[in-house]
Amino acid sequence: MAAILGDPEALAAEVSRRAHHRAVEIAEDARRRAAAILEGAREESESIRRQSAQDRERQVAALERRNAARAELEARRRWIALREAPIQRVWQTSEQWLRAMIGQPEYRAVLKLCALRAARELGTQELTLAADPAGHALLSVDALEQWSREAGVRFIRASEPAATWGGLLATSGRSRFDATFPTQLAAAQQALRERVFEILSKGAA
């Protein structure tokens, strides 16, 4: 080393050699770092791709679930519409027929049947009857006396008509029997709905 220090050209050559060696080391280290960076980037990219694929799968699965739920909801809606359509037609026809009956001569006989049924259902000795405004006028003293003899009870006309468009309401103390047309129609409609449900369920099985 002392000889090199005394020889400028040799010193320059040594410095050049060492500089080249150091440059090679730096370049090699740079390549290793670059390779490590590239490998890390590759792994991160692959992880992102896997995560993106999983996200896509989750999105597709969520979309399929939403579509299945919408399809099930639509099928249920159509099934309910299929079930309700005939019920609504029957109910509307029945209501129209009953409303038309109120103005007919036989309406008093219909009220009589309602009163006799109320007497059987309540099982009391005295019942107060309130019909719709038109029917209430038909509950004459003579008519109620005749009905009372047939039923073996006492029918009394209420002071005010019932708040209904047809049929009558019978009360005896705290007991009551609702023979109004809207209530009877609603009960019949429910029974019809259950029957149609049973028929459609068997057909779908």
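The values are calculated or read from the model by the stated rules, or taken from the named source; none is laboratory data. This structure is a prediction, so every number in the text was calculated from the model and none was measured. Glycine also receives a Cβ, built like all others from the backbone with ideal geometry; neighbour counts cover every protein chain displayed.
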**Message:** Can you list residue pairs whose Cβ atoms sit under 8 Å apart, with the first residue in segment 138-162 being at pLDDT 95 or above and the second being in a helix (DSSP H, G or I) and of a type in the set (Ser, Thr, Tyr)? Count only pairs 6 or more apart in sequence or on different chains.
**Reply:** 138/107; 154/148; 155/148
**Asked** Of all the residues that make up segment 132-154, how many are touching a helix residue (DSSP H, G or I) at 6+ places or on another chain (Cβ under 6 Å) and either outside any loop (DSSP other than H, G, I, E, B) or acidic (Asp, Glu) (or both)?
**Response** 4
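Residue-by-condition table, conditions (1) under 17 Å from residue 110 (Cα atoms); (2) buried (at least 19 other Cβ atoms within 10 Å of the Cβ); (3) of a type in the set (A, V, I, L, M, F, W, C); (4) touching a Leu at 6+ places or on another chain (Cβ under 9 Å):
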residue	(1), (2), (3), (4)
123	no, no, no, no
130	yes, yes, yes, yes
137	yes, no, yes, no
142	yes, no, no, no
154	no, no, no, yes
173	no, no, no, no
176	no, no, no, yes
182	yes, no, no, no
**Request:** Kindly indicate which of 124, 93, 128 is assigned by TED's automatic domain parsing to the domain that holds residue 177 and at pLDDT below 95.
**Result:** 124
**Message:** Need pairs with beta-carbon distance below 7 Å; first residue farther than 14 Å from residue 188 by Cβ and within segment 80-95, second of a type in the set (Val, Ile, Thr) and at pLDDT below 65; sequence gap 6+ or separate chains.
**Reply:** 83/196
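Yes or no, residue by residue, for (1) more than 15 Å from residue 169 (Cα to Cα); (2) within 41 Å of the chain's Cα centre (by Cα):
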{"residue": "104", "(1), (2)": "yes, no"}
{"residue": "114", "(1), (2)": "no, yes"}
{"residue": "120", "(1), (2)": "no, yes"}
{"residue": "126", "(1), (2)": "no, no"}
{"residue": "137", "(1), (2)": "no, no"}
**Request:** Can you give me the number of residues within segment 99-109 that are out of contact with any Leu (no Cβ under 9 Å at 6 or more places or on another chain), touching a residue at least 12 places away in the same chain (Cβ under 8 Å) and outside any loop (DSSP other than H, G, I, E, B)?
**Result:** 2
